[in-house]
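**Q** Can you read through this structure? Questions will come right after.
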Amino acid sequence: MPVLHRLSPCSPLGAAANQEKESVADVLHRDALRLRSLFGDDKDNFGGGVTIPNLGSPIQDLPGAFEYHVMAGFGTPVQKLTVGFDTVTTGATLLKCAPCAAGKPCDHVFEPSASSSLVQIPCGSPDCPFKGFFGPTCTISISIGDALLGNATFVTDTLTLAPSTTVEKFRFACLEAGFSPNDDSSGILDLSRNSHSLASRAPCPLGTDTFSYCLPSSPNTVGFLSMCGPKPELRGRKAVYTPLRSNPRNGNLYVVELVGLGLGGMDLPIPPPTTIEVDTLLEVHTIFTYLRPEVYVVLRDNFRRAMAQYKPAPPVGKLDTCYDFTGLNVFAVPVVTLKFAGGADVELSMDEIMYFANPENHFSIACLAFAAARPGDGQVIGSRTQMSTEVVYDVRGGKVGFVADRC
């Protein structure tokens, strides 16, 4: 399935026509909201691995969707909708559905009454994640104080990813269309490790990976999301793999271990007892990469020494290592290497290392696209670091792979 950035001129949502080019401050603000949703304590847990925030619109505030979109089909006959996808999500695929909340727009929504294959999930069913509720449908009302935000109802229906790829009796949550993300997308595909996610339900034969994605390098390019595709080595492509780890606090997460960093071909000195060996998330909807503060300081200081010949620029928010390349004819940036457990070394290109204020002109202001994580948060490998690389999730084999220069 083609993957488009939310600002792509090819996006069927028309987001590119309605939004101006983002500033660095805009990106950092989106990252801050995303990191808060990943590591903050502002959610209520209703059991079954499903969490719904107690503030704001669930589709907008849940950790999922919105930087990147794909087209998927729901129901019989197929209703094609543009949705986000996420590996770090709430344990449920979420979809805006009719009937729409009073006074709310009713565009880009799923119409349950038009699908002959839709089945309501009753309370008490193993497929209903809400415990202690009774009734003919698995529905919960979401409120703030005395204000009703809307209802979320769990159903099953046919999911169509391609004419030859369908998932029968796929569970998702129908959200009243009053829950409206600001990019007009219709919801989010859950690719987490939850037992009801698309990653768990996709009918993948032996010799295939569960899924893989390649994030486009800019809004003007196209990436892809592949379900049950042949393993890279069977396609003649070289992949490096790192083992998947388990997170005891959240079994829905794909966790890997970042064991070191390289700069300019040399290993960086991460001194004991400081260690980089903590849970690390590969994150689709966080832009920059966030490292534990003591690890980031080692990368930053060594990077600054290697770039001492270039004119520094003022920091921008959490991006504190910036340079002014205006007027130069050539410049060089030392290669950053991510070193994962199992010997998986991933070398980054210049566009994966640096964030350029003007992406169309590298001879401008640019900042190191890494920052320090908040104390106590996990490490996050952001989408800028992953772009153009195919990230392969072999869940059956318990590993994640990386294939360079795939989109």
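The values are calculated or read from the model by the stated rules, or taken from the named source; none is laboratory data. For clarity, every value in this text was computed on a predicted model and none was experimentally measured. When we count neighbours, we look across all protein chains shown, and the Cβ atoms used for this are built from the backbone with ideal geometry, even at glycine.
**Q** Which of (1) outside any helix (DSSP H, G or I); (2) within 22 Å of the chain's Cα centre (by Cα); (3) at pLDDT 95 or above does residue 352 not meet, given it meets every other one?
**A** Condition not satisfied by residue 352: (1).
**Q** Next question. Within the range 125-142, how many residues turn out to be at pLDDT below 85, in a loop (DSSP other than H, G, I, E, B) and over 11 Å from residue 153 (Cβ atoms)?
**A** Summing the residues that are at pLDDT below 85, in a loop (DSSP other than H, G, I, E, B) and over 11 Å from residue 153 (Cβ atoms) in the range 125-142 gives 5.
**Q** A follow-up question, please. Could you check residue 37 against (1) of a type outside the set (A, V, I, L, M); (2) at pLDDT 85 or above; (3) closer than 30 Å to residue 246 by Cβ and say which number it fails?
**A** If we test residue 37 against (1) of a type outside the set (A, V, I, L, M); (2) at pLDDT 85 or above; (3) closer than 30 Å to residue 246 by Cβ, just (2) comes out false.
**Q** Further question on the same structure: Here are 382, 398, 327: which of them is over 21 Å from the mean Cα position of the chain (by Cα) and among the small types (Gly, Ala, Ser)?
**A** 327
**Q** Next up: Assess whether residue 354 counts as being surrounded by 18 or more Cβ atoms within 10 Å (Cβ to Cβ), in contact with a His (Cβ under 9 Å, 6 or more places away or on another chain), aliphatic (A, V, I, L, M) and at negative phi.
**A** yes
**Q** A further question on this structure: Could you please let me know if residue 48 is surrounded by fewer than 22 Cβ atoms within 10 Å (Cβ to Cβ), out of contact with any Ser or Thr (no Cβ under 6 Å at 6 or more places or on another chain) and either assigned to a loop (DSSP other than H, G, I, E, B) or modelled with pLDDT of 90 or more (or both)?
**A** yes
**Q** Within the range 273-345, considering only strands (runs of 3 or more DSSP E) that don't extend past its boundaries, which have at least 2 residues that are within 30 Å of residue 397 (Cα to Cα) and either out of contact with any Pro (no Cβ under 7 Å at 6 or more places or on another chain) or not β-branched (Val, Ile, Thr) (or both)?
**A** Answer list for the range 273-345: 279-282, 289-291, 336-340.
**Q** While we're on this one: Would you please name the residue that is farthest from residue 385 (Cα to Cα), looking only at residues in the range 188-200 that are touching a strand residue (DSSP E or B) at 6+ places or on another chain (Cβ under 7 Å) and in a loop (DSSP other than H, G, I, E, B)?
**A** 196
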